[in-house]
Amino acid sequence: MGNSNTKTLSFFSAFRFSVFVILASGLAAAADLSLQKSIVVVDVAEPSYVHYTIHELRDQLKAITGAAPVLSYDLNEAEQTANELIVVGRSMAGRLAQQEQGIPAITDQQPGAQGFILKSLRLAGNKRAILAAGSDAHGTNYGVMELRQLLTESVSGLTVSDQLDQRETPRFKVRGLYLHQHWRYNWPYAAWRWSVEDWKHALDIAAYMRVNLVMFWPHMDMLAPPLSIPERDYLADFREVVDYAHRKRGLEVWMVETPNGVLDEPEVKRLPLDRRDFYAYEYRDGKSKDGHSYPPGSGLKNPGDPKGYAALMANREALYRNVPNADGYGFIDADTGGWPGSPSSAFVDMYVGNRKLLDRYHEHPERAKLLYWIGSGWGTGTVEENIQNTVTDLNKRVHGPWELLFYPQYLKTIEKLHFLDRAILFPYGQVEGEPSLPLTSINFQELANTVKTAAAEKDLLGIMANVQTLLVQLPNIHYLVSAAWSGKPPEDSDAAALHSLAKLLFPQNADVLAEGWLQLTASNADGPLAAVQKIEGVLNQHEIGRLGTLGESIFPEPGQVLQDLVAILKIHASAERAREKVAAGAPSSEVEQAFAAYFDEMLAWQKQCDFFGTYAVNKQVIFDNFIYGRDAETVKAAWKQYASGRATQKTESEIVSMLSGKGYTGWIVTSVTGQVFGTYEMKGEANMELR
């Protein structure tokens, strides 16, 4: 399975993989428990998300057998009807224990909050059962999800081991995922362009990776009351997404915003939503805090000014009226946001006002949280002083639940304030940089170090990952969330970790997918290109096979993950080929051809994603750093070595001409190549029209 250094251990548990090996070999088939004619029995009072996962389990079995298992809410009826039961939930497990011997006791402590027991049972009368139950409903839900994954891994998709005995409890209460939706590149990569159905698929993926908190930035900052019909419809979509997260997936949902931004200028209100962006309208005096010029018109308000404060509260009221069902609402204290000379007390004033609005408009105000995303502090003191003053004041003046998100550099500050039990570690940029061209990276060592740091803090509430492009960052997300679940990095090799994820996507092609991801770390070109051939073979022959619990939620269609990986592998292979040619002292024609191939692959992927820079209003480029990441550094270093002592102007010109001839925008070609050649000075923020 995978390559030679793959250890046969599952990412979530070594036992799961051993079950699969036994089933695959057929050596213990007689001892397996078939679910083909089973009955699923569950207490009708279990939450809707448990019933939804049971529905998915039944559909999964129906797809294989043509008939779904019978669903029952009556244990006695189920026992009289079938010889194989799937007993779901703590309540039903308790009823079974009253009638049968050897049923594990499930309490608040065993297996614990969000934990589950998944166990094969022998009952009286030669009947058998699978118990999937947790101390709470979330744990029960994870148990049923795990059962679905075990069935996906089995050869028949119908059996589990008669010796199954799995117990798991998460180390961290919160395992969060921030789905960043600011940057406006192509669908399906950019969350900005997701439909309601896309969001639902994304939530399915998150839930099956055992994420239990999702956060997004709904861009209320681009809306100002009175809301138009399109603006109300826009918020209605978010309300539907939040409702799905709650009812179908059991997820907590937070909404975060800039603290003092509202685009309420008349020229902005006249624009359709997809043409608004606060980067172009943010600063009333036409200049930002760092001195850069911006167009007239502003979105930032002074919370210390009564008119500014009123505008901010009116904006928040519009959100809470239209999306009153999220679990948390709050702000980052910077990027974007802030006001010169504004004290930390003014920042907390906004929370006081928001708390009053939540009490008035939220569906469950007693449960609605306020969240403070600590970016760089708000106030007139040092960063540490501002954070301390803000959190202390927040605790003093704002009633109701509140929680903190903080970057690793602020750990000691939060520790000193004794609020780790309300705080979530946010290692921003470790899963994916932002803004950045969508490229799959394998940052397992960095993520492992973060989890080790977090695990040393016994009171820490949890860990959150940020992701800009969900579909290409599944390996890093899965690794971090899984490590947060167990409380420690896996002892498996990177190859084994990738294989565990691949099985959740395409169990019959897990080897191919895992090997492709692993080759993104290879220091050669041949390995990645061989992986490309294998993946393209699967795609061309339409042989993806049975879908796993993650694979069935990939959008717009399951092959998207494989198609994207092919493109990214080609970029990596071309970067390594350029390095190899330079290192081998190959003829100039071969070296130059290798660099041209790298640029061609990079530009083709940029064009597919439409990520030529990151955009403001009217596609104005505000960041022009197109070349970054490990492959970019490889190519830059190789070019520097090749160009040393050579006149390369003619070669550079020929490469630029060749790429421009393929239809790429001229100044973008100049920028992409120039950042490698050292001939282009990045502007960082610029007003360069793409169209």
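Remarks
- Take the Cα of Ala530, step 7 Å toward its Cβ, do the same at Glu457, and the gap between the two points is 4.4 nm.
- Of Lys356/Lys396; Lys307/Lys396; Lys581/Lys640, pairs whose Cα-Cα distance is over 18 Å: Lys307/Lys396
- Alpha-carbon gyration tensor eigenvalues x 5, square-rooted, for the range 117-264, Å: 41, 15, 13
- When Glu366, Glu252 are sorted by how many other C-beta atoms sit within 10 angstrom of their C-beta, beginning with the fewest, the order is Glu366, Glu252.
- Antiparallel bridge percentage (DSSP; both residues within the range 32-168; nearest 5): 50 percent
- DSSP bridge pairs, the chain: antiparallel proportion in percent, nearest 5: 30 percent
- Summed over qualifying helices (DSSP H, 4 residues or more, each -39500 (n - 2.57)) and divided by its residue number, the chain shows a 222 nm mean residue ellipticity of -14000 deg cm²/dmol.
- In terms of packing, defined here as the mean over residues of other Cβ atoms within 10 angstrom, the peptides 259-268, 104-113 line up highest first as 259-268, 104-113.
- Entry note, the range 93-248: relative contact order of 17 percent, from Cα contacts under 8 Å with a spacing of 6+ residues.
- Two-site FRET efficiency, Gln98 against Val196, from Cβ-Cβ distance with R₀ of 30 Å, rounded to 0.05: 0.10
- Spatially, the range 432-448 and the range 151-226 are offset by 18 Å when compared through their Cα centroids.
- Measuring between alpha carbons in the structure, the pairs from Lys200/Lys369; Lys607/Lys636; Lys452/Lys570; Lys119/Lys369; Lys248/Lys369 lying more than 29 angstrom apart are Lys452/Lys570; Lys119/Lys369.
- Length-normalised contact order for the range 377-488 - Cα pairs under 8 Å, 6+ apart - percent: 25 percent
- Extension gain, Gln541-Thr392: 0.36 nm per intervening residue step, less the Cα-Cα distance, totals 47.5 nm.
- Placing +1 on the Cβ of every Lys and Arg and -1 on the Cβ of every Asp and Glu, with no other charges, gives the chain a dipole of roughly 400 debye about its Cα centre.
- Approximating the spin labels as points 7 Å out from Cα along Cα→Cβ, the Arg270-to-Gln36 distance works out to 7.0 nm.
- Note on Ile571, Ile229, Ile64: ascending count of other Cβ atoms within 10 Å places them as Ile229, Ile64, Ile571, the fewest first.
- Spatially proximal aspartates and glutamates relative to Lys416 (Cα-Cα < 18 Å; intrachain offsets below 8 disregarded): Glu384, Glu385, Asp393, Glu403, Glu457, Asp459
- Against the set (i) 15, 39, 30, 13, 3, 0; (ii) 17, 47, 31, 5, 0; (iii) 15, 32, 28, 18, 7, 1, the structure's computed P(r) over Cα pairs in 20 Å bins from 0, in percent falls on (ii).
- For Lys581, net neighbour charge (Lys/Arg +1, Asp/Glu -1) across residues whose Cβ lies under 11 Å away: -2
- The aspartates and glutamates within cross-link reach of Lys458, meaning a Cα-to-Cα straight distance under 15 Å and a gap of 8 or more places when in the same chain, are Glu415, Asp421.
- Protection proxy ranking, peptides 235-241, 467-473, average beta carbon neighbours within 10 Å, highest first: 467-473, 235-241
- Cut-off 13 Å (backbone N to label point 7 Å along Cα→Cβ of Gln563), residues of the range 575-616: 608-609
- Annotation for Gln163 and Glu366: the two label points, set 7 Å from Cα along the Cα-Cβ direction, are 5.0 nm apart.
- Relative contact order %, the chain, counting alpha carbon pairs below 8 Å whose residues are six or more apart: 12 percent
- Within the range 32-168, the percentage of alpha carbon pairs spaced more than 17 angstrom apart rounds to 53%.
No value in this document is a laboratory result; all are computed from the given coordinates. Small disclaimer: the values here were computed from a predicted structure and weren't measured. Quick reminder, even Gly has a Cβ in these numbers, built from the backbone with ideal geometry, and neighbours come from all protein chains shown.
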